[in-house]
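Worksheet: one structure, shown below.
The values are calculated or read from the model by the stated rules, or taken from the named source; none is laboratory data. Predicted, not measured: the structure shown is a model, and the values here were computed from it. Here Cβ is always computed from backbone atoms with ideal geometry, including for glycine, and neighbour counts include all displayed protein chains. Accessible surface areas use protein heavy atoms only, side chains included; no ligands, DNA or RNA. Shrake-Rupley method; radii C 1.70, N 1.55, O 1.52, S 1.80 Å.
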Amino acid sequence: MLLLLAGFGAAGLNAANTSKAAPELRGLSSWVNSKPLTIESQRGKVVLLQFWTLGCINCKNTLPYVKELNRKYAGKGLVVLGIHAPEFSYEAEEKNLRAAIKEYGLTYPIAADKDMQTWRAYNNRYWPAFYLIDKSGQIVHSQFGEGQYVELEEKIKAYL
């Protein structure tokens with residue numbers, strides 16, 4: 001399973017590709033495009049965990065790339081999982097989240113982390129943030145902000 005998760009801080013994982021067990025998802029609600037998922041239920045798959053919020057321009061700029069990764073690799077064992085972690089109160093409203101998902105044409109599973117429980121479990125501090133979790137449930141890569149799309153895709157392909 002490849003899961004990309006945020007929470008290792010700006011330095012991400014070290015060059016030795018050190019891994020850490022991915023914490024279980026916590027406190028998620030308003031699942032869109034999927035029934036509720038768990039990290040454990042995704043064992044044997046590669047998961048890309050994306051922390052984002054609808055009002056963040058940097059997050060919006062990454063969406064076309066995340067959509068393309070989902071399109072290219074979902075049938076090959078990648079699970080893209082969006083964790084919507086609101087920064088402002090209007091972003092926490094379910095109707096606004098659902099409208100954004102529709103507007104951006106997002107078809108992969110997305111869940112609301114209104115109380116930031118999963119955000120805290122991953123010790124995340126950034127929007128957008130990505131964590132890659134391998135088939136055994138280990139976080140094997142993390143990155144923050146825009147860019148590094150080729151590197152991310154190469155990591156995904158390697159773990160698939």
Legend entry - For the chain, average projected area of the Cα convex hull in nm²: 7.9
Legend entry - Lysine pairs with alpha-carbon atoms under 22 Å apart, the stretch 70-160, spacing 8 or more or separate chains: 11
Inset, instruction - Note down the magnitude of the dipole of the chain about its Cα centre, charges +1 on Lys and Arg C-beta and -1 on Asp and Glu C-beta and zero elsewhere, to the nearest 20 debye. - result: 420
Legend entry - Angle in degrees between helix 57-73 and the longest Cα principal axis of the chain, rounded to the nearest 10: 50
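Can you tell me the accessible area per residue over the chain, all protein chains present, probe 1.4 angstrom, in square angstrom?
Details: 7240 Å² over 160 residues.
Heavy-atom accessible area per residue stands at 45 Å².
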Inset, instruction - With a point put 7 Å past each Cα toward its Cβ, work out how far Arg26 is from Ser89 in nm, to one decimal. - result: 2.5
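Probe radius 1.4 Å, ligands and nucleic acids ignored: give me the carbon and sulfur share of the accessible area of the chain as a rounded percent.
Working: 3630 of 7240 Å².
Answer for the chain: carbon and sulfur cover 50 percent of the accessible area.
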Legend entry - Whole-Hz ³J(HN,Hα) from phi, Karplus 6.51 cos²θ - 1.76 cosθ + 1.60, for the stretch 132-149, glycine and proline x: 10, 10, 7, 5, 9, x, 9, 6, 10, 7, 9, 7, 9, x, 7, x, 6, 5
Inset, instruction - Would you mind computing, in nm to one decimal, how far apart the modelled labels at Arg125 and Ser19 are, each placed 7 Å from Cα along Cα→Cβ? - result: 2.6
